[in-house]
Amino acid sequence: VGIGSALYITCALGPGPRDGLMTAIHNRSGVRVGRVRLGIEGSVLILGSLLGGTVGLGTALFALFIDQSIAISLGVVSRITSNS
């Protein structure tokens with residue numbers, strides 16, 4: 001998911017809602033992408049739970065680790081595309 005997100009974000013075809021929010025907050029505040037995404041996913045996880053959604057182990061692990069996956073993948077993709 002991290003690699004896929006990094007690829008479609010860098011294609012400049014328009015990110016999805018969470019990725020768009022993540023990149024906007026990062027660009028305006030300078031806070032690292034991983035930390036911004038962790039805040040977004042954590043907020044969505046808590047809100048979903050409060051609204052009665054099921055929070056399982058997989059959901060919690062995804063929310064905790066997708067941030068670094070995307071941050072690392074964006075770095076790799078930017079290095080690959082900057083050499084072209």
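The values are calculated or read from the model by the stated rules, or taken from the named source; none is laboratory data. Just so we're clear, the structure is a prediction, and the values are computed from it rather than from any experiment. Here the Cβ positions follow ideal geometry from the backbone for every residue, glycine too, while neighbour counts run over all protein chains shown. For the accessible areas, the whole protein counts, side chains as well, though only heavy atoms, and no ligand, DNA or RNA atoms are used. Shrake-Rupley method; radii C 1.70, N 1.55, O 1.52, S 1.80 Å.
Summary table below
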{"item": "Those residues of the range 10-43 which are farther than 12 Å from residue 69 by Cα, under 12 Å from the mean Cα position of the chain (by Cα) and either aromatic (Phe, Trp, Tyr) or open to solvent by 30 Å² or more (accessible area, probe 1.4 Å) (or both), in sequence order", "result": "15, 17, 18, 21, 23, 24, 25, 26, 32, 39"}
{"item": "Residue that is farthest from the chain's Cα centre (by Cα), among those in the range 46-66 that are surrounded by 10 or more Cβ atoms within 10 Å (Cβ to Cβ) and among the β-branched types (Val, Ile, Thr)", "result": "55"}
{"item": "Selection within the range 29-84 - of a type in the set (Val, Ile, Thr) and more than 23 Å from residue 11 (Cα to Cα)", "result": "44, 46, 54, 55, 59"}
